[in-house]
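Novice: Have a look at this one.
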Amino acid sequence: MRHTDINAFRPVSDGAVGLRELNERSREIFKRIVETYLTTGEPVGSRNLSRALPMTLSPASVRNVMSDLEALGLIYAPHTSAGRLPTQSGLRLFIDGLLEIGEVSEEERSHIEARIAGNGRHRAVEEFLAEAGAMLSGLSGCAGVVLVDKQSKTLKQVEFVNLGPGRALAVLVSEDGDVENRIVALPEGLPFSSLAEASNYINARIAGLTLAEARSRIEKEIEQRRAQLDELTARVVTEGLATWSGSGDEQKSVGVLGVIGPTRLNYARIIPMVDYTARLLGRLVP
């Protein structure tokens, strides 16, 4: 008969498992299972675990804890009589709370700084991020991922297409060829010619500007009555820019940087590498 250590776990609310549900013994066993998987890709059994633990536990005691970890959805047996592997939920819990993050080596720091900052600071955001993605791919052996926030892209063209009473399709084209569409509400009584007038007004002012810069400039002109637009057309212009901008927050984030690879990544090395690169970019981007 299996004996469960009633102090090992506390009830879990709403199915969510956190580190607070594990006592020291359970954390250590869970940590060893995940670390073995990340190193070897192989399941680990109770006998090998009992030998590797810093505490004295019999294989039977280890099996009891492993059974409870499995019941919580943190580990599983790939087949009968096998050891245990972490589940996706277990791996996420480990990364969020138990992973011991390493430091970026001096050699890696020098390499990152040389690739990112070595060519000077006068480059577009997209160039900085593309260089960072390629550099991380080389250092990590994984695919570098770069997502540029739409508000950091420079704009090329804007068009408003009539969709019938009260609606128009707002089309935004960036300098790199990306196209984004949004449905915008039109003021009642707006003449058809106002859509073309709104497009022409915006296009005459957005060259080389980001969405946030264009919105700030145009809204200031309209507020100061320098836009030379009638009230209804001005509303189309501001509604269109506000729709693309979302909440309208100013450039808190210019993009997302990361890597994609197999589940068995060297997280302790790659996480600080990505973090260091992101912080460096934060100081360098225009």
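Novice: Considering only protein heavy atoms and a probe of 1.4 Å, how much of the accessible area of segment 63-114 is carbon and sulfur, as a whole percent?
Specialist: Result for segment 63-114: 44 percent of the exposed heavy-atom area is carbon or sulfur.
Novice: Here's something else I'd like to know. Distance between Cα centroids, segment 256-278 to segment 186-238: provide it in whole Å.
Specialist: 42 Å
Novice: Right, here's the next one. Just to verify a number: what accessible area does SER61 come out at with the full protein assembly present, 1.4 Å probe, Å² rounded to tens?
Specialist: About 40 Å², rounded to the nearest 10.
Novice: Further question: Round to the nearest 0.05 the FRET efficiency obtained for TYR76 and GLU103 when R0 = 35 Å and r is the Cβ-Cβ distance.
Specialist: In this case the efficiency is close to 0.60.
Novice: Could I ask something else about it? Quick one: if you stick a label point 7 Å off each Cα along the C-beta vector at HIS111 and THR40, how many nm between them?
Specialist: Using points 7 Å along Cα→Cβ, the separation is 2.8 nm.
Novice: Mind putting together the pair-distance distribution for segment 23-129? All Cα pairs, 10 Å bins, whole percent per bin, short to long.
Specialist: Here the calculated profile for segment 23-129 is 13, 36, 18, 13, 13, 6, 0.
The values are calculated or read from the model by the stated rules, or taken from the named source; none is laboratory data. Treat the numbers as computed from the prediction; the structure is a model and nothing was measured. Note that each Cβ is placed from the backbone with ideal geometry, even for glycine, and that neighbours are counted across all protein chains shown. Keep in mind that these areas ignore ligands, DNA and RNA; they rest on the heavy atoms of the full protein, side chains included. Shrake-Rupley method; radii C 1.70, N 1.55, O 1.52, S 1.80 Å.
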